[in-house]
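The values are calculated or read from the model by the stated rules, or taken from the named source; none is laboratory data. Quick caveat, the model's predicted, so the values are computed rather than measured. With ideal geometry, Cβ positions are generated from the backbone for all residues, glycine too; neighbour counts draw on all protein chains shown.
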Amino acid sequence: MTATMPTSTFNKRRSRCALFLFVLAAGETLAASISGSEASSPKPPMWPDQFTSKFTVRIEKYGDDFNKPGVVYYNWKTKTLRSDFIDWCLPLFEGPARYQNYTCSFLMADGNMYFVNHTASSWQDHDCCLFAGGLGTITPDWVKNCQYNGTDMLRGQKVDVWWFPGTSDPSKPCYGYWDTVDDHTPVQFFGLASIGPAILDYDSFKVGPPIADMTKPHGGCSKECEPTGPGARLFDIPWPSCG
């Protein structure tokens, strides 16, 4: 399999995608630079040290009928986070449909983010590469760095609204997170990706140790991910503006 683009270009796009995925999992990279409205904000919620939650991916440009399943596993005790995208992987490359319609994972472990391509029957035999070095697992209290924006009704539930500012229009945040007012269960995440606005609807939130394997697959994980594959090329779409 042969690389099809300059490494510097791929690294630039990879860092953007890593940032989106980090925040998609509800990260603190963007949030660390802002603060909430302390006078009117409730106490920011804490994530449990360990949990599993299913989610549904929705991509605006693909229409209302597009929805793909996923699962996020979080274990702060081992400083790991794993997000599985099932039967559809967040598009990193243009090319034949087979380059999107497969299961993949993004694993945060050992202070890095790894990309796992599910090409084998067992987790330890999957293809694995270093997607973003130095991008470690988020802390349970990451929401404290977000901006509180009151309450709303979402998917039939009363929710608190938390934003990552960075837009000139306060009604359209670049990244948003919603959790239930009563027990702070995650409800939805909104963010900008290379393919435009994306939503994760969380469901079946379960507190406790994840049953998924949270270790790196054997072999290959230390090698940086490269843009490879017959007919595959960088997804050449301008990154959405936050302004």
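Observations on the model:
- One residue stands out in region 79-98 among those that are in contact with a strand residue (DSSP E or B) (Cβ under 8 Å, 6 or more places away or on another chain), surrounded by fewer than 21 Cβ atoms within 10 Å (Cβ to Cβ) and more than 20 Å from residue 217 (Cβ to Cβ): the one that is modelled with the highest pLDDT, namely 88.
- Condition check for residue 114: aromatic (Phe, Trp, Tyr), out of contact with any Cys (no Cβ under 8 Å at 6 or more places or on another chain) and assigned to a strand (DSSP E or B): no
- Check on residue 164, of a type outside the set (S, T, N, Q), touching a helix residue (DSSP H, G or I) at 6+ places or on another chain (Cβ under 6 Å) and closer than 19 Å to residue 71 by Cβ: no
- Residue check, residue 135 closer than 21 Å to residue 50 by Cα and touching a residue at least 40 places away in the same chain (Cβ under 8 Å): yes
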